[in-house]
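Let me begin by presenting the structure, written as structure tokens, before commenting on it.
The values are calculated or read from the model by the stated rules, or taken from the named source; none is laboratory data. Here the structure is a predicted model, which means the values were calculated and not measured. Note that we place each Cβ from the backbone using ideal geometry, even for glycine, and neighbour counts take in every protein chain shown.
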There are 2 protein chains.
Amino acid sequence: MPDTLIGESLHQLMHAYKRALRQAYADAGLTLTVSHIRTLKAIRSLAPCTAQRIAQRTQRDKAQITRLLHDLLDAGIIAKRPHAEDRRSRILALTAHGHGVMEQIDESERHAHQRLAAGLDAADLETFVRLSRLMVDNLH
Amino acid sequence: MPDTLIGESLHQLMHAYKRALRQAYADAGLTLTVSHIRTLKAIRSLAPCTAQRIAQRTQRDKAQITRLLHDLLDAGIIAKRPHAEDRRSRILALTAHGHGVMEQIDESERHAHQRLAAGLDAADLETFVRLSRLMVDNLH
DNA sequence: GCCTTCGGTTGACAATGTCAACTAATTGAA
DNA sequence: TTCAATTAGTTGACATTGTCAACCGAAGGC
């Protein structure tokens, strides 16, 4: 098994996946980028949460998170309130509007994910995720 | 199995993998980017080949390929010669210097790949690649 | 010969990623 | 209590990666 095969497979899959996502979002009339949407999913999943928590979850640079959050706040998709215990931090959550946007996102991704997983059964998918996780953990 | 789990796993794995690669290249004193190196690997694998072939293999935009090839030609890592049958095209291959650089690249990646695959056996890796390929094909 | 398609180039811009410097807040040790 | 070290988030600057368009000359098909 040549090492390069994993790397190349990953690159190609990532490109293809992102392209599929972008197409799905564009088809749904969503103007948000993959990064914005990924951040929103993290917020939904972690809500209520802080910027730091999102950065940890998504393994992204806090500077990037700040910028993405700024856009999402401006768009009224998320809202912030003070953190009860830490004045440096804010608590973030989806707005009602944001919940609607998330539904659009979920709907638009449905097709992309169905295509991605066509012909793969639940065990395959679970294996893929499990192996991915192992590899991520290996690199941390 | 929530759809978002695959996507999020992929994002995280890709980020981690690229970071590991960049670190490995930097540690080896290589100044080439992940994209340059990926292009070189394609050339080595396909040599002799054309820009178009590389673009196909790596699923990248031909404009990007042109730019990357330009850098690699400038650095003397690859060389070009006329295409026997198509005056629009050139045949590309690694130079002797380029072969040396590739050895450095392989050496530097060794560690990163070992870490990536720690605790995974050959069957796991093969499964990962197989599933990745299936998914890429699904999206094309 | 003519028209369409194609390989590669260049331009322009968007998206994503990294690192540094900074401020204000928090924490923990003395 | 004090103070130094650390931390959450912000801003700046720049690099890397990705997309799409326009273009030119070459190739291919009718």
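Of the listed requirements (1) within 15 Å of DNA strand D (Cβ to nearest atom); (2) surrounded by fewer than 12 Cβ atoms within 10 Å (Cβ to Cβ); (3) within 14 Å of another protein chain (Cβ to nearest Cβ), B:E103 misses just one: (1). Condition check for A:I37 on (1) over 24 Å from B:F128 (Cα atoms); (2) within 14 Å of DNA strand D (Cβ to nearest atom); (3) under 16 Å from the mean Cα position of the chain (by Cα): one failure, at (2). More than 14 Å from DNA strand D (Cβ to nearest atom), in a strand (DSSP E or B), at pLDDT 95 or above and surrounded by 13 or more Cβ atoms within 10 Å (Cβ to Cβ) - does that describe any residue in region B:84-93? Yes - at least one qualifying residue is present in region B:84-93. Candidates in region B:34-59 are the residues that are without any contact (Cβ under 8 Å) to a residue 24 or more places away in the chain, within 11 Å of DNA strand C (Cβ to nearest atom) and within 13 Å of chain A (Cβ to nearest Cβ); of these, the one that is nearest to B:A75 (Cα to Cα) is B:V34.
Hey, could you check region A:70-82 for residues that are buried (at least 16 other Cβ atoms within 10 Å of the Cβ) and touching a helix residue (DSSP H, G or I) at 6+ places or on another chain (Cβ under 6 Å) and say which is nearest to A:E109 (Cα to Cα)? Looking at the filtered set, the residue picked out is A:I77. Checked against the criterion of being at the interface with chain B (Cβ under 7 Å from one of its Cβ atoms), free of Cβ contacts under 8 Å to residues at least 60 places away in the same chain, of a type in the set (V, I, T) and part of a helix (DSSP H, G or I), region A:4-23 contains one or more residues that satisfy it. Selection of region A:58-83 for residues being within 23 Å of B:A16 (Cβ to Cβ) and within 12 Å of DNA strand D (Cβ to nearest atom) yields A:R60, A:D61, A:K62, A:A63, A:Q64, A:I65, A:T66, A:R67, A:L68, A:L69. Within region B:106-128, the set of residues being assigned to a helix (DSSP H, G or I) and more than 7 Å from chain A (Cβ to nearest Cβ) comprises B:D106, B:E107, B:S108, B:R110, B:H111, B:A112, B:Q114, B:A117, B:A123. The single condition among (1) under 17 Å from the mean Cα position of the chain (by Cα); (2) within 11 Å of DNA strand C (Cβ to nearest atom) that B:R88 does not satisfy is (1).
Going residue by residue through region A:62-74, is there one that turns out to be among the polar types (S, T, N, Q), at the interface with chain B (Cβ under 10 Å from one of its Cβ atoms) and within 11 Å of DNA strand C (Cβ to nearest atom)? No - not one qualifying residue is present in region A:62-74. Within region B:75-85, the set of residues being near DNA strand C (Cβ under 9 Å from one of its atoms) and either among the hydrophobic types (A, V, I, L, M, F, W, C) or closer than 16 Å to B:R38 by Cβ (or both) is empty.
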